[in-house]
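Below is one structure. I have some questions about it.
Quick note: the coordinates plus some simple rules give every number you see, no bench work behind them. Note that the structure is predicted; figures quoted are calculated from it, not measured. Glycine gets a Cβ as well: all are built from the backbone with ideal geometry, and neighbour counts include every protein chain shown.
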Amino acid sequence: MEIIARDLRANIVGRKILSVQTDWPKYFRLPKSSAAFGACAAGKGITAIDRRGKNILIHLTAGYLLLIHQKISGRLLVGNWRRVSPPDGGEGGPRWQPVPPSRGRFVHLVFDLDDGRQLGLSDLRKFGKALCAKEAVILNLPEMRNLGPEPLDPRFRFSCFQRLFTGRKGRIKQMLMNPNFIAGIGNIYSDEVLYAAGIHPLTPLTHLGETELRTLYDAMKRVLRKAIRLGGTGVESPNASGAETGYDRVRTVYQRAVCPRGHAIERLKIGGRSAHFCPAEKHLF
DNA sequence: ACAATATCCTGCGAGC
DNA sequence: TGCTCGCAGGATATTG
């Protein structure tokens, strides 16, 4: 998500949103009607872009904020899509075809920009969401207000990390993935961080002493920094020739058959999500 | 009060 | 070949 935010920042800050189109109005959570949402975003300039957890925050003129969450299958792209009619009229509403056709299948939400390009949300599963309101309104919504600290925030020191654990119970894997605990760590990076720290995903929080917490904290910062340095996970990969790119090249356990040392990766379901780990690593449980 | 589970969707690959 | 099943990068609501 950090990679996406940086890409958008370099590409669309200074542009103006002319209009908004969708074939899936359920994206609009605030305001909920397509007309009201369009009216909120249209005519406003894009002044800045940042990120909080996995939320992309697009700052608009007049003190407005556009929040887009890509959820599982979403991908924000800048490009061009042309509107095409559905195959037999009627059913399904408008569709967009990417230009060039190689990028951005599954675009369901389009922001027309004043330079002829568009910001499009490609989102196969349509779990994404979009909100537009005064900045203070957005930032006061529970999903923003309850967000945990940013893992790479320099102010998020070890003492802060350690404090998050006091009086809490549960499994470490679920804790790392809980956005209200720490923002922005999902299924992939929680597995990668735990492997890097040599900690089993099922380890109860109460089993983690200061030494393990220090190891976990360092692994978290290291893995996330490296992922950003390499351009993120799954963003543009695999490339045209089928080779993995970015962090995917160095992923150790997530959807791997073997770990870097050649041991078979094991999988189990934790809280409805798949956890990948190497049973040969030293680990607590 | 807490922790599993269901839910929102669609496409894809595996197995029969 | 064509069907059904399980699974997928998130987060919240609901259930037990």
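Report, in degrees rounded to the nearest 10, the 0 to 90 angle that the Cα long axis of helix A:210-229 makes with the longest principal axis of chain A.
The angle comes out at about 40 degrees.
Moving to a separate point now. Please give the calculated 222 nm ellipticity per residue for chain A, where each DSSP H segment of at least 4 residues contributes -39500 (n - 2.57) and the sum is spread over every residue; nearest 500 deg cm²/dmol?
-7500 deg cm²/dmol
Ok, one more. With the contact rule set at Cα under 8 Å and sequence spacing of 6 or more, what percent relative contact order holds for chain A?
15 percent
Shifting gears a bit: Angle, helix A:2-12 long axis vs. longest principal axis of chain A, Cα atoms, 0 to 90°, nearest 10?
20 degrees
Straight-line reach from residue A:129: which aspartates and glutamates fall under 20 Å, measuring Cα to Cα and dropping same-chain residues less than 8 apart?
Straight-distance partners of residue A:129: A:2, A:7, A:23, A:50, A:112, A:143.
Give, in nm to one decimal, the length gained when the segment between residue A:236 and residue A:273 is fully stretched (0.36 nm per residue of separation minus the Cα-Cα distance).
Additional length available on full extension: 11.0 nm.
Same structure again: How large is the dipole of the stretch A:2-145 about the Cα centre if only Lys and Arg carry +1 and Asp and Glu carry -1, each at its Cβ, rounded to the nearest 20 debye?
The dipole of the stretch A:2-145 has a size of about 320 debye.
Same structure, new question: Amide H to amide H, which residues 5 or more places from residue A:284 or on other chains are under 5 Å from it, using H placed in the peptide plane?
A:200
Over the stretch A:1-93, what is the mean sequence separation of C-alpha contacts under 8 Å (at least six apart), divided by residue count, expressed as relative contact order in percent?
25 percent
Taking a ≥ b ≥ c as the square roots of the Cα gyration tensor eigenvalues, with a/c under 1.5 meaning rounded and otherwise prolate when a/b beats b/c, else oblate, which class fits chain A?
Verdict is prolate for chain A.
Take each of the peptides A:259-266, A:227-234, average the number of other beta-carbon atoms within 10 Å over its residues, and list them starting from the highest.
Averaged packing, sorted descending, gives the order A:227-234, A:259-266.
Moving to a separate point now. Would you work out the relative contact order for the stretch A:158-281, in percent, from Cα pairs under 8 angstrom that are 6 or more residues apart?
Taking the mean separation of contacting Cα pairs over the length of the stretch A:158-281, I get 24 percent.
Another question, then. If you take every residue apart from residue A:269 with its C-beta less than 14 Å away from the C-beta of residue A:269, what net charge results, scoring Lys and Arg +1 and Asp and Glu -1?
Residues near residue A:269 contribute +2 overall.
Over 25 Å between Cα atoms: which of A:32/A:71; A:32/A:54; A:134/A:221; A:44/A:221; A:71/A:269; A:126/A:169 fall into that group?
A:134/A:221; A:44/A:221; A:126/A:169
Output the lone cysteines of chain A: those with no second cysteine's C-beta under 4.7 Å from their C-beta.
A:160
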